[in-house]
Amino acid sequence: MINWAANDVCQNDHKLQWVKKHISKCTQCGPVDTMSRYGCVQCNIYYCVKCRQPPVMGEFCGGGHELKYVPNLKYHSCDVCRASIAGGAYRCQECDYDVCEKCWIVKED
């Protein structure tokens, strides 16, 4: 089940913001070596994608950019389910945000 972080707030009630930041510590689960998509800039806290998954909001990434279908996206993983992409996916080049076809279909249901 997707954790729709777009409506989440930090412990100080600041709305979490869409970010692209490499983190070594997730506020919720501890030490990690991964990308964060949500965080509180004011409190300098960030969450890994397992704890706060990016939303699939229509045809746009959390940064408001249009997701474009790429028929053969190699060497990427889905930012929703974290699976390696073996084929087509929807992508935001600017945010380096990818959604595999399986998650895209779930989004539309």
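Run the simple label-point estimate for Val9 and Lys25 please: 7 Å along Cα→C-beta, distance reported in nm.
2.4 nm
Taking R0 as 22 Å, what's the FRET efficiency between Tyr75 and Asp33 from their Cβ-Cβ distance, rounded to 0.05?
My answer for the efficiency is 0.75.
Quick check: Cα centre of segment 57-109 to Cα centre of segment 17-54, how many Å?
19 Å
Listed highest first by mean packing, meaning other Cβ atoms within 10 Å per residue, what order do 82-92, 20-30 come in?
Per-residue Cβ counts within 10 Å, averaged per peptide and sorted highest first, yield 82-92, 20-30.
Using a Cα distance threshold of under 26 Å, what count of lysine pairs results for segment 21-109 when pairs must be 8 or more residues apart or interchain?
Pairs that pass both the separation and distance tests number 14.
Bear in mind that the values in this text are calculations on the coordinates, not laboratory data. In this text the structure is predicted, and so the values were computed from the model without any measurement. Don't worry about glycine lacking a Cβ; one is built from the backbone with ideal geometry, like all the others, and counts go over all protein chains shown.
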